[in-house]
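The values are calculated or read from the model by the stated rules, or taken from the named source; none is laboratory data. Note that the structure is a prediction, hence the values are computed from the model and not measured. All Cβ positions, glycine included, derive from the backbone under ideal geometry; neighbour counts span all protein chains shown. To get the accessible areas, we keep the full protein, side chains included, count just its heavy atoms, and leave off ligands, DNA and RNA. Shrake-Rupley method; radii C 1.70, N 1.55, O 1.52, S 1.80 Å.
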Amino acid sequence: MNYSAKVMDHFTNPRNVGEIENASGIGEVGNAKCGDIMKVYLKVENNIVADAKFKTFGCGSAIASSSMATELIKGKSIDDAWKLTNVAVAEALDGLPAIKMHCSVLAEEAIHLAINDYRKKAGLEEFEYKGKDGHGEINEK
């Protein structure tokens, strides 16, 4: 399987690894089929993602997808962070092998769950997530 240089970089030097104490929102997803488990922590200030961290147990693509997803939403408004898609994560990594696209889906789902956890804690209405059965649509080009 061929991985891009960006996937390898985010796997070997992941950004934003760890937990955020008293996180504004937490999202956790797992995929029993492949064994990947992702947990994303958000710190939200004035409706902006001030910080994002993750802990992922899984393959290199899962770690790289978590790393890139957190990088892509930091500094964005909650509304803009919500728009993150698995395709955007994969494209930012210069592509993922088709068999590993589910890793980008898990990253999207974890971000969405963390945002909705934040919204729920803040007394706001949760956004509607169009995923199904805990695993969102795989949006491939």
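Condition (residue is of a type in the set (D, E, K, R) and modelled with pLDDT under 95) applied to segment 30-39: is it met by at least one residue?
The answer is yes; a qualifying residue exists.
Of the residues Ile111, Ile73, Ile78, Ile37, which single one is out of contact with any helix residue (DSSP H, G or I) (no Cβ under 7 Å at 6 or more places or on another chain) and among the hydrophobic types (A, V, I, L, M, F, W, C)?
Values: Ile111 fails: out of contact with any helix residue (DSSP H, G or I) (no Cβ under 7 Å at 6 or more places or on another chain); Ile73 fails: out of contact with any helix residue (DSSP H, G or I) (no Cβ under 7 Å at 6 or more places or on another chain); Ile78 fails: out of contact with any helix residue (DSSP H, G or I) (no Cβ under 7 Å at 6 or more places or on another chain).
Only one candidate qualifies: Ile37.
What pairs come up if the first residue lies in segment 36-52 and is on the phi > 0 side of the Ramachandran plot, the second is open to solvent by less than 20 Å² (accessible area, probe 1.4 Å), and their beta carbons are under 8 Å apart, counting only those six or more places apart or on different chains?
Listed by first residue and then by second, the contacts come to Asn47/Ile78.
So Met1 ticks every box in (1) open to solvent by 80 Å² or more (accessible area, probe 1.4 Å); (2) without any contact (Cβ under 8 Å) to a residue 60 or more places away in the chain; (3) in contact with a Pro (Cβ under 8 Å, 6 or more places away or on another chain); (4) not charged (D, E, K, R) but one. Which box is left unticked?
For Met1, the exception is condition (2).
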